[in-house]
1. I need the calculated FRET efficiency for the pair residue 11 and residue 135, taking r as the beta carbon distance and R₀ as 35 Å, to the nearest 0.05.
2. Using a Gaussian network model on the chain with a 10 Å cutoff between Cα atoms, which of 123, 17, 62 fluctuates the most?
3. When Lys and Arg each count +1 and Asp and Glu each count -1, what net charge do the other residues less than 12 Å away from residue 30, Cβ to Cβ, add up to?
4. Counting C-alpha atoms alone, how compact is region 25-107: give Rg to one decimal and Dmax as a whole number, in angstrom.
5. For residue 96, what charge total do you get from the other residues with a beta carbon under 15 Å from its beta carbon, if Lys and Arg give +1 and Asp and Glu give -1?
6. Per-residue ellipticity at 222 nm for the chain, helices alone: DSSP H runs ≥ 4 residues times -39500 (n - 2.57), over residue total, nearest 500 deg cm²/dmol?
7. Near residue 51, within a Cβ-to-Cβ distance under 11 Å, what is the net charge of the other residues, with Lys and Arg +1 and Asp and Glu -1?
8. (i) 1.06; (ii) 1.03; (iii) 0.92: which one is Rg/Rh (Cα atoms, Kirkwood Rh) as calculated from this entry?
Amino acid sequence: MLEAVLAAANTVGPTWVVSPERVEGATWIPDPGGGQGAAVEAALAGIGPGPVLIVNSDLPSVTADDLRALHDAIPEGGMAIAEARDGTTNALGLSDVSLFAPLYGPGSAERFRAHTEHAADVVRAGLRDDVDTPADLATA
């Protein structure tokens with residue numbers, strides 16, 4: 001699944017991956033431990049100001065067009081949110097890296113919406129349909 005996400009992301013712009021092991025096809029950032037929020041914070045620490053997309057690696061059908069739509073939906077001074085079917089967050093588009101807060105987990109999409117004054121929802125199958133369970137994998 002990571003390869004599918006990387007293939008889409010690399011056509012859109014520079015790509016970073018936070019993982020315990022080196023990943024080909026992207027700038028690798030060693031996973032600091034502490035979960036998804038800490039991993040995203042580690043990635044953002046090396047990025048200057050400006051817009052950024054944060055995309056989970058479990059989106060097997062994500063496309064470059066999905067990522068462009070996420071980027072294009074970012075409101076000025078806010079964030080675009082791609083919610084998973086279960087209310088968690090599969091991807092974010094931030095107008096600036098300073099808007100990030102580690103709010104992941106059950107119900108995180110709503111917490112991200114509440115975290116910013118300007119939020120836009122992005123509903124696209126490639127950004128919505130993640131793989132969290134064996135049933136999700138069978139569907140994908």
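1. That pair, residue 11 with residue 135, gives E of 0.70.
2. Result for the chain, Cα springs under 10 Å: 123 fluctuates most.
3. -1
4. Gyration radius and largest Cα-Cα distance of region 25-107: 12.5, 32 Å.
5. -3
6. Here the helix-only value at 222 nm equals -9000 deg cm²/dmol.
7. -3
8. Correct label, based on the coordinates given: (iii).
Read the figures in this text as sums done on the coordinates, not as results from a lab. This one's a predicted model, so the numbers in the text were calculated from it and none came from an experiment. Counting neighbours? That spans all protein chains shown, and the Cβs are built from the backbone with ideal geometry, glycine included.
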